[in-house]
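Novice: A single structure is presented below for examination.
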Amino acid sequence: MKRLLVHGIAPVLLCLQVAYLGFFGLLFALSGPGTAEIDHTDPSPVAHALFNGLLLAFVLPAAGGAALLGSETVRGRVPRRVRAVWLAVLGVTEVVVAVSFATTALRESLGPDSLVAVAAVAACAVIALVCAGEVRGALRAARPAPPLA
């Protein structure tokens, strides 16, 4: 069961997260002029760059984590320490995303967005737990063996 969770479910959830962001990013990019033009509240270039930077800060660890967890070939080529650090960063990122979804959902009234938030928090929790388990395993493997008495 653990193998299915680590090498099957978690990579699929990560790919779904990246696809979700890509879909909505494309949707917003292709949508026509919005109310921001009417209200004259266009984001500054700095805010736009910050948003894109945060988006990349999530997408890169997620895509790399999906490859590390889902592909034995990639897993074998990446050194254990690099893999542990990458998955630790991904785990922390997932916790931040889960907290963000949860706080947003708690501020709003119950509706369809609440269901999306619950699904997102559950997916992030699964991925964060898988990452924590993988990092723990890598740290145990890196620990020197106790001397034989």
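Since every read-out is calculated from the coordinates, none of them should be taken as a lab result. Small disclaimer: the values here were computed from a predicted structure and weren't measured. For neighbour counting, all protein chains shown are included, and Cβ atoms are generated from backbone atoms with ideal geometry for every residue, glycine included.
Novice: Starting from the 7 Å offset along Cα-to-Cβ, what nm value, one decimal, do you get for the label separation of Arg136 and Asn52?
Specialist: Each label point lies 7 Å from its Cα, and together they span 4.0 nm.
Novice: Kindly rank 93-101, 113-121 from highest to lowest mean number of other beta carbons found within 10 Å of each residue.
Specialist: 93-101, 113-121
Novice: Can you tell me the order of 74-86, 44-56 when each peptide is scored by its average per-residue count of other Cβ atoms within 10 angstrom, highest first?
Specialist: So the order, starting with the most tightly packed, is 74-86, 44-56.
Novice: Please sort 65-71, 123-129 by packing, taking for each peptide the average over its residues of neighbouring beta carbons within 10 angstrom, highest first.
Specialist: 65-71, 123-129
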